[in-house]
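Trainee: Can you keep this structure in mind? I'll have questions shortly.
The values are calculated or read from the model by the stated rules, or taken from the named source; none is laboratory data. It should be emphasised that the depicted structure is a prediction, and the values quoted were computed from it without experimental measurement. So basically every Cβ, Gly included, is an ideal-geometry build from the backbone, and we count neighbours across all protein chains shown.
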Amino acid sequence: MTKAPGFASDATERICADIVIVGGGLVGGSLALGLARHGVKTTLVDRLAPSQGIGPDFDGRASAISASGQKLLDAIGLWPHLAARAEPILDIRVSDGPSLLFLHYDHRDLGEGPLGYMVENRHLREAIAAEITAQPALIDVIAPVAVSGLTQTADSATVQFKDGGEIDAKLVIAAEGKNSSLREAAGVNVTGWSYPQTAIVATIGHATSHQGIAHERFLPAGPFAILPLYGGHRSSLVWTEAAGRAADYLALPDDRFVAEINERVGGFLGELSLIGPRLSYPLGLQFASGYVKARLVLIGDSAHAIHPIAGQGLNLGLRDVAALIEILVDNAQLGLDPAHPTGLDRFERWRRADNLLMGGVTDILNRVFSNDIAPIRIARDMGLGIVNRIPPLKLFFMRHAMGTVGDLPKLMRGVGL
Ligand SMILES: Cc1cc2nc3c(=O)[nH]c(=O)nc-3n(C[C@H](O)[C@H](O)[C@H](O)COP(=O)(O)OP(=O)(O)OC[C@H]3O[C@@H](n4cnc5c(N)ncnc54)[C@H](O)[C@@H]3O)c2cc1C
């Protein structure tokens, strides 16, 4: 085990903490930082050392961060690290394969700034690692240490490390991603299914500028997204392919892989080149049956993992983070136990409906658009055309994409705690 900056203790000792966050990824790392900003101390445990997540080969994805997500990143000190490398999303164009009908979201229709920002995940991880290092008094990092179990009594929860050692806490937060060991240890069930699809992720260079436009094309195997990255001449691709065919595409030599991309992009970006590695992600939908069990709370993909068709998985996780910061800071100011049931029940009620709704919408969109059945294709093209022509309907969907509707936590509305 390496001693990370702000390192708490050796894993073989028994450690006590008020709040333990397991999983220092995009969601867990953001939560630790947000709490630290408000004087609440946490211990952050991850099976990876902070330096391990920042290479281009580690993740390869870029995330569409909604306008409200950007406000949270700003409030917790990450945005100054990201602003110069984030690409504002000015327009979104959704088209159905070769159909001429498309849906066009233009940020000028709302007059509220960009629809969101494209941020490379490695830059987000780098920013989180830098800010955590700057908070040694408020964030203790235990890494790399994998967590394997959890036991709970009325007064405390104990997290067990895979290679020995334990940590006692008043509140344990699982932010371990979709294969959460704590969720399993606590016996929280998950409902969901795998999609017969794999997301192929790659970064491309192109001769023509993307002009801040995000494109999503619905092809029979699934959505093909071309997402603008900082600099004008790079884009992040999320190419959803039938699971059985993805491995063949991933194994193609570079020139043939680029030719396949070219065929799907359609030439409007000029000559294409491949930058960096190709990675793949199996896709699925998964909901935990509950987000709170005694002194354990689930957030981010540990609580809900959804299809990336609308680029909303991380945005939901950030909403969990902002809601939980608000509740835990309230508890701290009132001198309450961080696992006080009133606050945790509020968290569950606050976040569950929003997460279920978005998961359901992405599931329906994926089913309706990822096929080539003529009557469905005609109906969905009419649907796109109708939404595009009715301004109030279009604005309604735009505000959803920007994450500015619903019961937003204060930090996502630009309001201080
Ligand atoms: C192809 C694709 C594209 C996407 N694009 C977007 C997008 O544009 N916009 C958007 O909002 N969302 C997007 N998403 C969703 C988004 O990537 C996820 O929702 C987000 O990464 C979840 O973050 P997390 O921190 O909850 O989990 P993770 O990123 O999985 O992090 C989990 C952390 O926990 C640690 N960990 C795991 N198990 C243990 C253990 N047992 N002990 C200790 N540590 C552990 C891991 O090392 C890791 O650091 C996309 C997803 C995919 C697949």
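Trainee: Might you check whether a residue that is polar (S, T, N, Q), within 12 Å of the ligand (Cβ to nearest atom) and not in a loop (DSSP other than H, G, I, E, B) occurs anywhere in region 323-333?
Mentor: Within region 323-333, not a single residue is polar (S, T, N, Q), within 12 Å of the ligand (Cβ to nearest atom) and not in a loop (DSSP other than H, G, I, E, B).
Trainee: Something else: Hey, can you tell me all the residues within region 42-53 that are more than 8 Å from the ligand (Cβ to nearest atom) and closer than 17 Å to Val297 by Cβ?
Mentor: Hits for region 42-53 are Thr42, Thr43, Leu44.
Trainee: Going by the structure shown, is Leu110 away from the ligand (no atom under 14 Å from the Cβ), among the aliphatic types (A, V, I, L, M), surrounded by fewer than 23 Cβ atoms within 10 Å (Cβ to Cβ) and more than 22 Å from Pro223 (Cβ to Cβ)?
Mentor: For Leu110, the condition - away from the ligand (no atom under 14 Å from the Cβ), among the aliphatic types (A, V, I, L, M), surrounded by fewer than 23 Cβ atoms within 10 Å (Cβ to Cβ) and more than 22 Å from Pro223 (Cβ to Cβ) - is met.
Trainee: Out of region 211-222, which residues are surrounded by 24 or more Cβ atoms within 10 Å (Cβ to Cβ) and within 16 Å of Arg93 (Cβ to Cβ)?
Mentor: Across region 211-222, the qualifying residues are Ala214, Phe218.
Trainee: Inside region 119-149, can you point out the residues that are near the ligand (Cβ under 10 Å from one of its atoms), in a strand (DSSP E or B) and over 30 Å from Arg234 (Cβ atoms)?
Mentor: Matches in region 119-149: Ile142, Val147, Ser148, Gly149.
Trainee: Kindly provide the set of residues from region 283-300 that are under 12 Å from the mean Cα position of the chain (by Cα) and either part of a loop (DSSP other than H, G, I, E, B) or surrounded by fewer than 24 Cβ atoms within 10 Å (Cβ to Cβ) (or both), ordered by number.
Mentor: Ile299 - this is the single residue of region 283-300 that is under 12 Å from the mean Cα position of the chain (by Cα) and either part of a loop (DSSP other than H, G, I, E, B) or surrounded by fewer than 24 Cβ atoms within 10 Å (Cβ to Cβ) (or both).
Trainee: Determine whether region 150-170 contains at least one residue that is assigned to a loop (DSSP other than H, G, I, E, B), aromatic (Phe, Trp, Tyr) and touching a strand residue (DSSP E or B) at 6+ places or on another chain (Cβ under 9 Å).
Mentor: No, because not a single residue in region 150-170 is assigned to a loop (DSSP other than H, G, I, E, B), aromatic (Phe, Trp, Tyr) and touching a strand residue (DSSP E or B) at 6+ places or on another chain (Cβ under 9 Å).
Trainee: Just to check your reading of the model, which residue among Gly359, Gly385 is farther than 24 Å from Leu314 by Cα, in a helix (DSSP H, G or I), in contact (Cβ under 8 Å) with a residue 60 or more places away in the chain and not hydroxyl-bearing (Ser, Thr, Tyr)?
Mentor: Gly385
Trainee: Considering each residue of region 293-310, count those that are more than 10 Å from the ligand (Cβ to nearest atom) and closer than 13 Å to Leu31 by Cβ, and give that number.
Mentor: Count: 1.
Trainee: Among the residues that make up region 85-102, is at least one of them buried (at least 21 other Cβ atoms within 10 Å of the Cβ), touching a Pro at 6+ places or on another chain (Cβ under 6 Å) and under 19 Å from Thr203 (Cβ atoms)?
Mentor: Looking through region 85-102, at least one residue is buried (at least 21 other Cβ atoms within 10 Å of the Cβ), touching a Pro at 6+ places or on another chain (Cβ under 6 Å) and under 19 Å from Thr203 (Cβ atoms).
Trainee: A further question on this structure: Name the residues in region 307-332 that are at pLDDT below 95 and either aliphatic (A, V, I, L, M) or more than 13 Å from the chain's Cα centre (by Cα) (or both), would you?
Mentor: Of everything in region 307-332, those that are at pLDDT below 95 and either aliphatic (A, V, I, L, M) or more than 13 Å from the chain's Cα centre (by Cα) (or both) turn out to be Ile309, Ala310.
Trainee: Mind counting the residues in region 22-79 that are hydroxyl-bearing (Ser, Thr, Tyr) and closer than 23 Å to Met402 by Cα?
Mentor: 4
Trainee: Considering only region 146-168, state which residues are touching an Asp or Glu at 6+ places or on another chain (Cβ under 7 Å) and at negative phi.
Mentor: Ser156, Thr158, Val159, Gln160
Trainee: When both residues are 6+ apart or on different chains and their Cβ atoms are under 6 Å apart, which pairs have a first residue that lies in region 302-314 and is hydrophobic (A, V, I, L, M, F, W, C), and a second that is assigned to a helix (DSSP H, G or I) and more than 8 Å from the ligand (Cβ to nearest atom)?
Mentor: Ile306/Gly359; Ile306/Thr362; Ile309/Thr362; Ile309/Leu365; Ile309/Asn366; Ala310/Thr362
Trainee: Next question, about the same structure. Considering only residues that are surrounded by fewer than 20 Cβ atoms within 10 Å (Cβ to Cβ) and over 27 Å from Ala225 (Cα atoms), which ones fall in region 161-184?
Mentor: Lys162, Asp163, Gly164, Gly165, Glu166, Asp168, Lys170, Glu184 - these are the residues of region 161-184 that are surrounded by fewer than 20 Cβ atoms within 10 Å (Cβ to Cβ) and over 27 Å from Ala225 (Cα atoms).
Trainee: In addition: Within the set of pairs 6+ apart or on separate chains, which have a first residue in region 216-227 that is on the phi > 0 side of the Ramachandran plot, a second that is not in a strand (DSSP E or B), and C-beta atoms under 9 Å apart?
Mentor: Gly222/His307; Gly222/Ile309; Gly222/Asn366; Gly222/Phe369; Gly222/Ser370
Residue-by-condition table, conditions (1) among the small types (Gly, Ala, Ser); (2) within 30 Å of Leu73 (Cα to Cα); (3) loosely packed, with under 14 Cβ neighbours inside 10 Å:
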{"position": "Thr342", "(1), (2), (3)": "no, yes, yes"}
{"position": "Arg349", "(1), (2), (3)": "no, yes, yes"}
{"position": "Ala353", "(1), (2), (3)": "yes, yes, yes"}
{"position": "Val361", "(1), (2), (3)": "no, yes, no"}
{"position": "Ile390", "(1), (2), (3)": "no, no, yes"}
{"position": "Phe397", "(1), (2), (3)": "no, yes, no"}
{"position": "Leu408", "(1), (2), (3)": "no, yes, no"}
{"position": "Leu417", "(1), (2), (3)": "no, yes, no"}
